[in-house]
Amino acid sequence: MKKFKQADYFISLLLILVFVIISFINQDITWIIGYFVVGGWQVISMIIHAFFGWFTVKNSRRYVYQYIVLIIIVLALLGLIVKPFLFLLAYPMLFAAPVMAIYYTWICYEEVYEKMQRPLYFLK
């Protein structure tokens, strides 16, 4: 688990930094590709965490974040049926997605460098 957690954090951080830099250099639609690559990686990471039950204690940051993302995915799928609804969701997500990606990376950082460093953390 520790190796995956470290890789998860560094991959998220690296993807965010690479796409920010490339987007500023290219000044084209690279940032849209970055949304899907970073978001895709983080969704895969969340599925792995949920499957193995890593840091998914009820009401933890990861637990709440995963349910917020699940609600967004369900709303997006609903938006495929009701087209105007998709546009109402897409615009706020344009600005929320980068903040969410950075927050998810912060969650990973805390898990690797704070929670996993303190063995008695889970005895609260």
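Every read-out reported here was derived from the displayed coordinates using simple, explicitly stated rules and does not represent laboratory data. Computed from a prediction, not measured in an experiment: that's the story for all the values here. Positions of Cβ are generated from backbone atoms using ideal geometry, with glycine treated the same way; all protein chains shown enter the neighbour counts.
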Quiz prompt | MRE, 222 nm, helices only [DSSP H, n ≥ 4, -39500 (n - 2.57), over the chain, to nearest 500] | solution = -27500 deg cm²/dmol
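Given charges of +1 on the Cβ of Lys and Arg and -1 on the Cβ of Asp and Glu, with all other atoms neutral, how large is the dipole of segment 2-116 about its Cα centre, in debye to the nearest 20?
320
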Practice problem: Straight distance only, please: which aspartates and glutamates reach the Cα of Lys2 with their own Cα at less than 15 Å, same-chain residues fewer than 8 apart left out? | Solution: Glu110, Glu111, Glu114
Self-check item: Tilt relative to the chain, helix 30-52 - C-alpha long axis, 0 to 90 degrees, to 10
Solution: 40
Quiz prompt | Karplus (6.51, -1.76, 1.60) ³J(HN,Hα), θ = phi - 60°, over segment 83-99, in Hz, Gly and Pro reported as x | solution = 3, x, 5, 4, 5, 5, 7, 5, 5, x, 5, 4, 9, 6, 4, x, 5
Exercise. Have a look at Tyr65, Tyr104, Tyr91 and tell me which one the Gaussian network model of the chain (Cα, springs below 10 Å) gives the largest fluctuation.
Key: Tyr91
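Among Met93, Met46, rank each residue by its count of other Cβ atoms within 10 Å, from fewest to most, as a rough exposure measure.
Numbers: Met93 16, Met46 19.
Ordered by Cβ neighbours within 10 Å, fewest first: Met93, Met46.
If we count other beta carbons within 10 Å of each Cβ, what is the order of Leu77, Leu89, fewest first? Mind showing how you got there, number by number?
Working: Leu77 10, Leu89 16.
Ranking Leu77, Leu89 by Cβ neighbours within 10 Å, fewest first, gives Leu77, Leu89.
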Quiz item: Quick one: what does P(r) look like for segment 2-116 with 10 Å bins over all Cα pairs, in whole %?
Solution: 13, 42, 32, 12, 1
Exercise. Note the angle between two axes, namely the Cα long axis of helix 61-81 and the longest principal axis of the Cα atoms of the chain, as a number of degrees from 0 to 90, rounded to the nearest 10.
Key: 20
Practice problem: Could you list the trypsin sites (Lys or Arg not before Pro) in segment 27-108 that lie in coil according to DSSP, counting only those with at most 13 other Cβ atoms within 10 Å of their Cβ? | Solution: Lys58
